[in-house]
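Structure, as structure tokens:
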Amino acid sequence: MQSSTADAARRTMGVSIVFWRHEEGREMGMVCEVWQIAEETVQDLLDDPSLGREVLSELREYNEELPQDEKIVLSLDKAWDGINFVADYGKLELPQKFLTEGGTPLAAIDLGFGPARYYTPREVAQMSKVLGKASFKSVQRGLTVSDLVAKDVYPFEARESVHDALGYIEGYWEELGNFVKLTTAFNRGLMIYLF
């Protein structure tokens, strides 16, 4: 039996990658958000892909009502590409570009930039173990801003100091690790989508 959209929204605590395009004529920015999501909600979305935008809208409203320490959404601001790059640079046991290309495609759900992607609770638990063992300082050892610029890592430029660029990524790296650990504690998955 299909549950209501509101029920699905209440159960969904997931990960999503969210990209915003600013209005025409304005600077484009790409921001990443991470959501927690229940497996039942993924099944609801597979059963009826038309629920996608409605469920996510209701989840966003639900998230806004939660106290800060119970939020189901984590913003990675513009650090998402830096986090991907550092994880790949450190050869962590994560899918390459794990925030934007990892997980399983949910072909029935397309919110603008290709199909949504989903990590199961089991995959999230593995991700939590990997991130929990990997201190940012040890993973990024030897990395420079020149490396970030040479690989066109968004949004870094050559004029930035190593301290500023890597410090920016490190703050979000730590937040992501804590959020993934919490997601594992609740036995939830992560959903990634681009729009």
Sole residue being part of a helix (DSSP H, G or I) and out of contact with any His (no Cβ under 8 Å at 6 or more places or on another chain), chosen from 76, 59: 59
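Residues to consider are 177, 171; find the one that is loosely packed, with under 15 Cβ neighbours inside 10 Å, small (Gly, Ala, Ser) and within 19 Å of the chain's Cα centre (by Cα).
Of 177, 171, the one residue that is loosely packed, with under 15 Cβ neighbours inside 10 Å, small (Gly, Ala, Ser) and within 19 Å of the chain's Cα centre (by Cα) is 171.
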When residues of the stretch 59-73 are limited to those that are charged (D, E, K, R) and modelled with pLDDT of 85 or more, the one farthest from residue 106 (Cα to Cα): 65
The one condition in (1) in a loop (DSSP other than H, G, I, E, B); (2) under 30 Å from residue 49 (Cα atoms); (3) touching a helix residue (DSSP H, G or I) at 6+ places or on another chain (Cβ under 6 Å) that residue 100 fails to fulfil: (3)
Residue match in the stretch 18-38 (condition: at pLDDT below 50 and of a type in the set (A, V, I, L, M)): yes
Within the stretch 130-195, helices (runs of 4 or more DSSP H) holding 2 or more residues that are in contact (Cβ under 8 Å) with a residue 24 or more places away in the chain and within 29 Å of residue 72 (Cβ to Cβ): 136-139, 162-185
Checklist (1) on the phi < 0 side of the Ramachandran plot; (2) over 19 Å from the mean Cα position of the chain (by Cα) applied to residue 152, failing item: (1)
Selected residue [out of contact with any Ser or Thr (no Cβ under 8 Å at 6 or more places or on another chain), surrounded by 16 or more Cβ atoms within 10 Å (Cβ to Cβ) and charged (D, E, K, R)] from 147, 69: 147
Of all residues in the stretch 123-144 being among the hydroxyl-bearing types (Ser, Thr, Tyr) and farther than 17 Å from residue 192 by Cβ, the one that is surrounded by the most Cβ atoms within 10 Å (Cβ to Cβ): 135
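The values are calculated or read from the model by the stated rules, or taken from the named source; none is laboratory data. All values reported here derive from a predicted model rather than from experimental measurement. When we count neighbours, we look across all protein chains shown, and the Cβ atoms used for this are built from the backbone with ideal geometry, even at glycine.
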